[in-house]
Amino acid sequence: MNPTSPMVILVASILTNNILLAGFLGMCSFLACSTKIETAVGLGTAVTFVMVCTTTLNYLLYHYVLVPLELEFLAFILFIAVIAGFVQLVEMVMERFSPKLYHALGIFLPLITVNCAILGAALFMVIRNYNGIQSAAFGLGGGLGFLLAIVLMAGLREKMGYSNVPAPLRGTAVLMLITGVIAMTFMGFAGMITMQ
Amino acid sequence: MSDHHAQAKSSGCGGLCGGKCGSTIQDGVIKNNPIIHQVLGVCSALAVTSKLENALVMGAALVFVTAMSNAFVSLLRHLMPRRIRMIVEVAIIATFVIIFDQFLKAFYWDMSKQLGPYVGLIITNCIVMGRAEAFATQNPPLLSIVDGAANGIGYMIILALIAVFRELLGAGTLLGYTALSTAWYEPNVLLMLAPGAFFTAGFLIWIINALRGRKDV
């Protein structure tokens, strides 16, 4: 078992081991959905919610179903099926009981199935040998870290609308450079907490 | 280098897939390069490029998975009900990713540990899914294999470019061998860290766009 305290995992996965800025996961939706702060907050919240639930669910299924049956190699298929199924379920429940929330977050839910940060969180959980509480903390921290990064990016992009970017640099190139600067800023937290 | 590769391959199998082979390869490797042109699969492109060796293995994984899953999706394209085709595609892709992952674990344990979760993440790599959905569902199996492999090779070339730059300047080595002696070269460790990956990718896309003379967005 991994001895790190869940609190440390939570804070570290938001700041020093940010799933997006240090782990490069979820770049596709990060680049595509960061044009407006409002959209970014919506996607970030949906990712956080799904990530907490699926990492915990995947933890339980992996350790109580796959490991006893010695079917660990099926983990990839199990994780992706759980994520897709869970997202579908949440979408249906949300539409039925909370149409308001559905209209705010609903459009992002299908996107989340293919968000590699969600699958990445489940895989990291297995590789780092987290227990149940640590996995939940990691899911929450990972989601919040994603939310923080994408909202920061959206804010910068809204400002960037007024600046004159050289033509070949427009689009992905400049976004990559900005993400690099954000990642460098986050490295400033490195001395604060270390996580294995 | 990429030009040469594309031509060498197209002359070999042009007859097999009705002459469309060459253009398919060129599309995948150069014209519509999945990373540079369509910005797909950037996650792993950034994560595994701190060493050239890792980048090449990851590229090989993608060539294998994309080609094989394209082949099977293409074989099943008339049998798959449209409503559930996504699930079928994901299951096919996941199967090949598991095969590759088990292969790495069995024969190259160190490499498997270094790549960590990024091998598993090929499942959500948009390139694989994108090719299965956009190409393999409408084309015969052989041509689909070629298309998958071409896109994989396009991906591999970009990964290798980023990795050469990062490993050479970040650690002074190439494939583990010392290329820039530390006697006179001070390695720039930033390139090995996360921000270095973003900067390298950003500059690479910038340079390629500039060379292509792109004016609009």
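The values are calculated or read from the model by the stated rules, or taken from the named source; none is laboratory data. Since we're looking at a predicted model, the values are computed, not measured. Positions of Cβ are generated from backbone atoms using ideal geometry, with glycine treated the same way; all protein chains shown enter the neighbour counts. Calculation scope for accessible area: heavy atoms of the full protein, side chains included, ligands and nucleic acids excluded. Shrake-Rupley method; radii C 1.70, N 1.55, O 1.52, S 1.80 Å.
Could you please find all residues in the range A:36-61 being touching an Asp or Glu at 6+ places or on another chain (Cβ under 8 Å) and either modelled with pLDDT of 90 or more or not basic (Lys, Arg) (or both)?
Of the residues in the range A:36-61, the ones touching an Asp or Glu at 6+ places or on another chain (Cβ under 8 Å) are A:36-37.
Across the range A:36-61, the qualifying residue is only A:Ile37.
Listed here are the residues, each with its yes/no results for (1) modelled with pLDDT of 85 or more; (2) basic (Lys, Arg); (3) in contact with a strand residue (DSSP E or B) (Cβ under 9 Å, 6 or more places away or on another chain); (4) in a helix (DSSP H, G or I).
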residue: A:Leu105; (1), (2), (3), (4): no, no, no, yes
residue: A:Leu119; (1), (2), (3), (4): yes, no, no, yes
residue: A:Ile133; (1), (2), (3), (4): yes, no, no, yes
residue: A:Ala136; (1), (2), (3), (4): yes, no, no, yes
residue: A:Leu147; (1), (2), (3), (4): yes, no, no, yes
residue: A:Leu152; (1), (2), (3), (4): yes, no, no, yes
residue: A:Gly155; (1), (2), (3), (4): yes, no, no, yes
residue: A:Ser163; (1), (2), (3), (4): yes, no, no, no
residue: A:Val174; (1), (2), (3), (4): yes, no, no, yes
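Is it the case that the range B:38-52 has a residue that's open to solvent by 10 Å² or more (accessible area, probe 1.4 Å), in contact with a helix residue (DSSP H, G or I) (Cβ under 7 Å, 6 or more places away or on another chain) and either more than 22 Å from B:Ala160 (Cα to Cα) or modelled with pLDDT of 90 or more (or both)?
Within the range B:38-52, one or more residues are open to solvent by 10 Å² or more (accessible area, probe 1.4 Å), in contact with a helix residue (DSSP H, G or I) (Cβ under 7 Å, 6 or more places away or on another chain) and either more than 22 Å from B:Ala160 (Cα to Cα) or modelled with pLDDT of 90 or more (or both).
Confirm whether B:Ala201 is over 30 Å from B:Asp27 (Cβ atoms), within 14 Å of chain A (Cβ to nearest Cβ) and buried (at least 18 other Cβ atoms within 10 Å of the Cβ). Before you say what the answer is, go through the steps one by one.
Details: over 30 Å from B:Asp27 (Cβ atoms): no; within 14 Å of chain A (Cβ to nearest Cβ): yes; buried (at least 18 other Cβ atoms within 10 Å of the Cβ): yes.
No: the conditions fail for B:Ala201.
Matching residues to (1) away from every other protein chain (no Cβ under 12 Å); (2) over 18 Å from the mean Cα position of the chain (by Cα); (3) within 25 Å of A:Ala81 (Cβ to Cβ):
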{"position": "B:Asp101", "(1), (2), (3)": "no, no, yes"}
{"position": "B:Trp109", "(1), (2), (3)": "yes, yes, no"}
{"position": "B:Lys113", "(1), (2), (3)": "no, yes, no"}
{"position": "B:Thr124", "(1), (2), (3)": "no, no, yes"}
{"position": "B:Ala136", "(1), (2), (3)": "yes, no, yes"}
{"position": "B:Leu142", "(1), (2), (3)": "yes, yes, no"}
{"position": "B:Val164", "(1), (2), (3)": "yes, no, no"}
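Go through the residues of the range A:121-142 one by one and say whether even a single one is at the interface with chain B (Cβ under 10 Å from one of its Cβ atoms), surrounded by fewer than 18 Cβ atoms within 10 Å (Cβ to Cβ), β-branched (Val, Ile, Thr) and farther than 26 Å from A:Phe76 by Cα.
Within the range A:121-142 (the criterion being at the interface with chain B (Cβ under 10 Å from one of its Cβ atoms), surrounded by fewer than 18 Cβ atoms within 10 Å (Cβ to Cβ), β-branched (Val, Ile, Thr) and farther than 26 Å from A:Phe76 by Cα), the answer is no, since none of the residues qualifies.
Taking the conditions exactly as written (within 14 Å of another protein chain (Cβ to nearest Cβ), more than 13 Å from the chain's Cα centre (by Cα) and among the hydrophobic types (A, V, I, L, M, F, W, C)), does B:Ala94 satisfy them or not? So that I can check it myself, show each step before the final result.
Working: within 14 Å of another protein chain (Cβ to nearest Cβ): yes; more than 13 Å from the chain's Cα centre (by Cα): yes; among the hydrophobic types (A, V, I, L, M, F, W, C): yes.
Yes: the conditions hold for B:Ala94.
Report, by residue number, each residue of the range A:145-174 that is open to solvent by 60 Å² or more (accessible area, probe 1.4 Å) and under 15 Å from the mean Cα position of the chain (by Cα).
Residues satisfying the conditions are A:Leu148, A:Leu152.
Any residue at all in the range B:84-98 that is in contact with a Ser or Thr (Cβ under 6 Å, 6 or more places away or on another chain) and basic (Lys, Arg)? Spell out how you get there, then give the answer.
First pass over the range B:84-98, keeping only residues in contact with a Ser or Thr (Cβ under 6 Å, 6 or more places away or on another chain): B:92-93, B:96.
From what is left, the residues that are basic (Lys, Arg) are none.
No: zero hits.
Counting only residues that are aliphatic (A, V, I, L, M) and in a loop (DSSP other than H, G, I, E, B), which one in the range A:18-32 is nearest to A:Leu140 (Cα to Cα)?
Within the range A:18-32, the subset aliphatic (A, V, I, L, M) is A:19-22, A:25, A:27, A:31-32.
Checking the rest, the ones that are also in a loop (DSSP other than H, G, I, E, B) come to A:19-22, A:25.
Numbers: A:Ile19: 11, A:Leu20: 14, A:Leu21: 16, A:Ala22: 16, A:Leu25: 15 Å.
Restricting to residues being aliphatic (A, V, I, L, M) and in a loop (DSSP other than H, G, I, E, B), the top hit is A:Ile19.
Here is a check on your reading of the model: is B:Arg77 free of Cβ contacts under 8 Å to residues at least 60 places away in the same chain, farther than 30 Å from B:Leu52 by Cα and of a type in the set (D, E, K, R)? Give the steps one after another, and end with the answer.
Working: free of Cβ contacts under 8 Å to residues at least 60 places away in the same chain: no; farther than 30 Å from B:Leu52 by Cα: yes; of a type in the set (D, E, K, R): yes.
In short, no.
Do you know which of the residues in the range A:175-190 that are at the interface with chain B (Cβ under 7 Å from one of its Cβ atoms) and within 17 Å of A:Ala154 (Cα to Cα) is surrounded by the most Cβ atoms within 10 Å (Cβ to Cβ)?
Looking at the filtered set, the residue picked out is A:Thr179.
For the range A:76-101, how many residues are open to solvent by less than 50 Å² (accessible area, probe 1.4 Å) and over 12 Å from B:Thr124 (Cα atoms)? First the steps, then the outcome.
Let us first name the residues in the range A:76-101 that are open to solvent by less than 50 Å² (accessible area, probe 1.4 Å), namely A:76, A:78-80, A:82-87, A:90-91, A:94, A:98.
This time we only want the ones that are over 12 Å from B:Thr124 (Cα atoms), so: A:78, A:82, A:85-87, A:90-91, A:94, A:98.
Here the count works out to 9.
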